[in-house]
1. Give me the pairs: first residue in segment 399-422 and closer than 16 Å to ASN375 by Cα, second residue β-branched (Val, Ile, Thr) and surrounded by 16 or more Cβ atoms within 10 Å (Cβ to Cβ), beta-carbon distance under 7 Å, and six or more apart or on different chains, which are they?
2. Looking at ILE181, ILE220, ILE215, which one is over 25 Å from TYR422 (Cα atoms) and touching a helix residue (DSSP H, G or I) at 6+ places or on another chain (Cβ under 8 Å)?
3. With in a loop (DSSP other than H, G, I, E, B), at pLDDT below 90 and of a type in the set (D, E, K, R) as the only criterion, which of ASP471, ASP479 stands out?
4. Only one residue in ARG70, ARG74 is at pLDDT below 85, exposed (fewer than 15 other Cβ atoms within 10 Å of the Cβ) and under 29 Å from the mean Cα position of the chain (by Cα), so which one is that?
5. Would you say GLY51 is of a type outside the set (A, V, I, L, M, F, W, C) and in contact (Cβ under 8 Å) with a residue 40 or more places away in the chain?
6. ARG106 versus (1) more than 26 Å from LEU436 (Cα to Cα); (2) surrounded by fewer than 16 Cβ atoms within 10 Å (Cβ to Cβ): which is the lone unmet condition?
7. Could you grab the pairs with beta carbons closer than 6 Å, sequence gap of 6+ or different chains, first residue in segment 68-85 and small (Gly, Ala, Ser), second one part of a helix (DSSP H, G or I)?
8. For the subset of segment 8-25 comprising residues that are buried (at least 19 other Cβ atoms within 10 Å of the Cβ) and within 21 Å of the chain's Cα centre (by Cα), which member is farthest from LEU124 (Cα to Cα)?
Amino acid sequence: MKQPTADQPEPHLFVIFGVTGDLAERKLLPAFYHVTRRQGCEGDSYLLGVGRRTWTDDEFRERAKQALARSGIRGDELEEWCDDHVFFHGLEDYDTPAGFQSLRERIESIEHNCGLPENRIYYLALPPETFTGAVTGLGESGLAGGDGWSRLVIEKPFGRDLETAQALDSTIHRYFLEEQIYRIDHYLGKTTVQNMLVFRFANGLFEPLWNRDRIARIEITVGEDLGVGTRGGYYETAGALRDMVQNHILQLISLVAMEPPTAFEAESIRSEKVKVVRSITETSHEDVVLGQYAAGCIKGEQVPRYRDEPKVAPDSETETYAALRLHVDTWRWHGVPFYVRTGKRLPERTTKIAIVFREAPLPLFRAFQTEPTPNVLVISIQPNEGFDLFFEVKTPDRNFRLDTKRLTFRYHEQFGRIPEAYETLIADVVAGDQTLFVHTDEVDASWRLLTPLLENRPAVREYEAGSWGPDEIYRLLPDWADFCLTESNTSTHGGVS
């Protein structure tokens with residue numbers, strides 16, 4: 001989504017708060033290492049892990065090596081890089097000024113010994129309730145400024161509603177300018193999501209069709225086959241609306257529905273995305289179905305209901321599923337419904353966008369008792385990233401029958417290994433490119449849309465684990481494009497000779 005550059009990143013110190021957590025070990029450490037190797041800046045990029053443990057540098061280095069090895073990274077170069085470029089600092093309390101003063105001294109010591117300028121990236125891989133304390137600590141200790149640049153990376157959720165999001169934003173802007181803030185949504189780092197603008201605006205075939213005249217509806221499905229696992233305590237305070245709709249799904253809608261930006265750079269692209277979210281009309285209960293998974297079978301395994309998961313209340317009304325019918329009230333999309341659904345314990349892990357085109361206007365084939373189905377373009381975000389175009393052909397036998405076939409493109413078949421989303425996003429933070437990060441206006445607009453629904457929710461319906469959700473979703477849309485969710489399925493339409 002940005003113009004390529006051959007410029008090598010400036011020397012910097014990458015500080016990860018919450019480095020002892022699962023996100024850091026599984027995603028951030030491997031991503032940072034791959035970025036430094038790919039950009040050829042291993043000698044100029046240093047990592048400081050901050051956590052509540054009392055580890056020494058050497059103890060943390062060993063854990064970092066183990067985490068990187070589990071991700072498939074091994075070799076003498078890894079050993080040498082960890083020994084020379086990785087450090088650890090214990091910080092017991094993120095609300096204690098003395099702790100951040102000690103952290104500042106440690107950062108300045110590392111920069112002095114390694115010959116680094118005061119270029120710093122602070123990544124908050126922390127529970128959301130600690131964001132305010134960590135940001136205040138950085139600001140009050142003077143770590144938000146310096147002779148070099150400072151950048152703040154903050155994970156979702158960014159607030160719980162409009163009021164809390166605005167309060168957090170106010171705290172952050174007390175110490176950091178908007179151009180220093182990188183609100184991360186890892187979906188925006190996925191190759192297929194980034195390619196959405198290229199697909200739309202660089203191909204003359206599709207953009208003329210991308211409007212209310214040619215498109216009947218758009219469906220977005222974000223499915224997870226897993227339950228809440230050990231995250232029941234967090235999920236009880238979040239639910240599907242906060243956890244998925246407010247961020248991931250609205251981001252996907254904004255990229256599908258946005259107008260062409262005036263330039264291929266961060267400010268123009270983010271401005272168009274904000275306009276889309278602001279144009280989504282308020283939902284009513286008739287446009288929303290919420291669900292909670294019951295016991296069921298997924299891939300041959302019996303799984304428990306949500307209320308029986310660890311740290312979940314036995315009478316919980318938290319939604320693990322949300323389906324919505326939304327309308328983007330703009331000239332391009334007036335009258336075109338956007339159907340979205342997301343949930344846990346669905347049949348498979350998948351994220352796909354189905355662009356369902358209008359049916360052919362002439363009833364040419366009724367004499368043969370057969371009707372063509374609409375063409376569908378499916379954008380596969382994960383897994384098997386790529387595109388599928390479903391179209392109609394006549395079967396070669398004597399009977400006049402139509403058959404739905406697909407043209408398929410897969411990234412891994414053409415380009416091999418695709419960088420992980422966090423690799424892409426960390427590389428952009430290092431380069432100072434905010435294109436793939438969420439602007440404060442997007443956060444504000446998304447919470448303005450969802451807060452009324454959160455305050456006045458419809459009833460939560462139960463659905464069997466392994467299904468696509470409560471039966472009520474077919475009230476929203478009787479013919480969800482479920483056939484597009486599987487890799488091998490096609491539809492055949494019978495006819496007469």
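The values are calculated or read from the model by the stated rules, or taken from the named source; none is laboratory data. Since the structure is predicted, the reported quantities are computational estimates derived from the model, not experimental observations. We place every Cβ from the backbone using ideal geometry, glycine too, and count neighbours over all the protein chains shown.
1. From residues that are closer than 16 Å to ASN375 by Cα, the pairs are LEU402/THR370; THR404/THR373.
2. Going through ILE181, ILE220, ILE215 in turn, the sole match is ILE215.
3. That would be ASP479, the only listed residue that is in a loop (DSSP other than H, G, I, E, B), at pLDDT below 90 and of a type in the set (D, E, K, R).
4. Matching residue, one of ARG70, ARG74: ARG74.
5. yes
6. (2)
7. Taking only residues 6 or more apart or on different chains, the pairs are SER71/PRO30.
8. GLU25
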